[in-house]
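Here is the structure we will look at.
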Amino acid sequence: MAAHPPSGLSSPPPAPEPSPPGPHHARGTANAADFGVDPLGFLTRCAREYGDVVALTPANVLIVHPDDIGRALVHRRGDVVKISAEQRPRGPTGFPLAMMNSEGASWERKRSRLRPAFRSDRLEGLDTIAREAVARTVDRWSDGATIDVHAEMSRLAMHIGAVHLAGRPLGAEADALADAVAAIMRLTGSPIRLPGWLPSPTGIRLRRALRALDTALAALIEGHPADDTVTALGRLVAERADTPFAEIRDELATLLMSGYETTADALTWLVHGLGGRPEADALLAADARDHGAAASGAGGTGGANGPGGYAAAAAKEALRLYPPAWVISRVAVRPIELGGYRLAAGTTIGISQWVTHRDERWFDAPAEFRPERWLRQGAPGHRYAYLPFGAGPRGCLGASMAVREIEAVARALRSRVRLEPVAPGQVRPRPALALQPCGVRATVRRERAAPR
Ligand code: HEM
């Protein structure tokens, strides 16, 4: 058979690949402006109006259907990367040497170095750290006081994360870390992103905060005992002789940051969700009592609602309705077919947990906070319709830690206080690097005879 058709009889040139539909005919500037004003609303409208594959620009596509999400993150993962070659020198928000911002063999090496510090046998200790931290926090609150829930949950998550990851609470380093995270959130939450070199107040604040963080982390690393092989920091310090200091610093910074803001956001959203559903809140209180009784040997079922009990269901639901990681992306390194479209190499593929978690094809009454959906059905209608921690090999390293921490804090808090919502109608999500809750306030009502 001839390798080529005889001249004169050549077949017509292949039809151009159809491109996915999208708003403003995928005109980048118009869509960037709409995205900047209201990212969550914009992505939701795109999915509703244009379907499961939406072109936001010719090189940026949003995928919505869990089949395609599974393909991009798991089944065809070799066709995509998380960090493109252009992004790699700096990392999306700095810390280019961290595992989170690495690819290929370097990523694999860094991930296996950290894996033992996140093993499930380390999670028991997390319960105790969380219970003690909650007890100290609640002791500071007086009955009837109004608290800023996000500020309180941030302090808690910072403390618990640091003790679990570095073996001790942070001192002055805590302020440096909180300032750096706040500066990154301000920068990434701003509808207008000026180039990094332009001297904007936000950029200046970020650079100053990162310099202070650098100094604080250096002190933390230098002062860490060499005999710790258990915590994440211990494992990093143990490799100091063969690892550049900057790599240890970048790794520690991203771990502390990921363990802190996302978990604080999830806890705050959980308090907000329960505030709007008193009957769910009462079930959590019962679960907390039951768990407390089982732990102290005074009876209790140890979770009448299945593994993890009601606290687990409530945590899952908070992560569904208000996913701290509300959007993630991949870059195609070769053409990839998604939703019937062949996307060219170089295309950025966006996946929005906010959009897919609120899709009524996979969740009944998706806009409602209903922890019981996880008790009845146990799982969503599609494996990749629920991905608060991503999916596949680049899924969240700290997922088990985060889930355990959220459940432990929820139970410990609820066994001692009821948090009555204050002006819940004013609460707004702020989509920055994480989905921050704004305006969540609560009045503290102490439970009588609360167990310590
Ligand atoms: C509620 C809390 C958390 C949420 C919602 C969350 C979410 C995520 C998501 C969605 C990813 C995948 C990103 C992608 O595929 O592009 C991720 C990755 C990651 N997370 Fe988390 N995370 C949380 C807590 C934590 C904690 C506690 C730690 C560690 C202390 C952590 C460490 C990491 C790391 C190191 C990666 C990068 C993994 C890799 O690139 O291989 N996260 N997280």
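The values are calculated or read from the model by the stated rules, or taken from the named source; none is laboratory data. Please read all numbers here as calculations on a predicted model, not as lab measurements. Glycine gets a Cβ as well: all are built from the backbone with ideal geometry, and neighbour counts include every protein chain shown. Accessible surface areas use protein heavy atoms only, side chains included; no ligands, DNA or RNA. Shrake-Rupley method; radii C 1.70, N 1.55, O 1.52, S 1.80 Å.
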Residue check: is L267 within 16 Å of the ligand (Cβ to nearest atom), touching a residue at least 60 places away in the same chain (Cβ under 8 Å), closer than 30 Å to V417 by Cα and not charged (D, E, K, R)?
yes
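May I ask you to verify whether V444 is in contact (Cβ under 8 Å) with a residue 40 or more places away in the chain, more than 16 Å from the ligand (Cβ to nearest atom) and farther than 24 Å from R330 by Cβ?
Here the answer is yes, as V444 does meet what is asked.
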Looking only at segment 416-430, decide whether some residue is within 16 Å of the ligand (Cβ to nearest atom) and within 26 Å of the chain's Cα centre (by Cα).
yes
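Tell me, which residue of segment 133-155 that is part of a helix (DSSP H, G or I) and of a type in the set (A, V, I, L, M) is nearest to the ligand (Cβ to nearest atom)?
Filtering segment 133-155 for residues part of a helix (DSSP H, G or I) gives 133-140, 149-155.
Cutting the leftovers down to of a type in the set (A, V, I, L, M) gives us 133-135, 138, 149, 151, 153.
Values: A133: 15, V134: 17, A135: 21, V138: 22, V149: 15, A151: 18, M153: 11 Å.
Here the answer is M153.
For segment 27-112, which fully contained helices (runs of 4 or more DSSP H) count at least 1 residues that are under 18 Å from V331 (Cβ atoms), touching a helix residue (DSSP H, G or I) at 6+ places or on another chain (Cβ under 9 Å) and among the acidic types (D, E)?
Working: elements: 28-37, 39-50, 66-70.
Helices (runs of 4 or more DSSP H) meeting the threshold: 66-70.
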Kindly indicate which of G125, G144 is over 20 Å from L236 (Cβ atoms) and not charged (D, E, K, R).
G144
Residues that are more than 11 Å from the ligand (Cβ to nearest atom), open to solvent by 30 Å² or more (accessible area, probe 1.4 Å) and among the basic types (K, R), drawn from segment 94-119:
R109, R119
For segment 424-439, does any single residue satisfy the condition of being out of contact with any Lys or Arg (no Cβ under 9 Å at 6 or more places or on another chain), among the polar types (S, T, N, Q), over 13 Å from L319 (Cα atoms) and surrounded by fewer than 21 Cβ atoms within 10 Å (Cβ to Cβ)?
no
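I'd like the full set of residues that are assigned to a helix (DSSP H, G or I) and surrounded by fewer than 18 Cβ atoms within 10 Å (Cβ to Cβ), limited to segment 156-173.
At the first step, the residues of segment 156-173 found to be assigned to a helix (DSSP H, G or I) are 156-166, 172-173.
Residue satisfying the conditions is A172 alone.
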Go through (1) within 22 Å of the chain's Cα centre (by Cα); (2) buried (at least 23 other Cβ atoms within 10 Å of the Cβ) one by one and return the number of the condition C396 breaks.
(2)
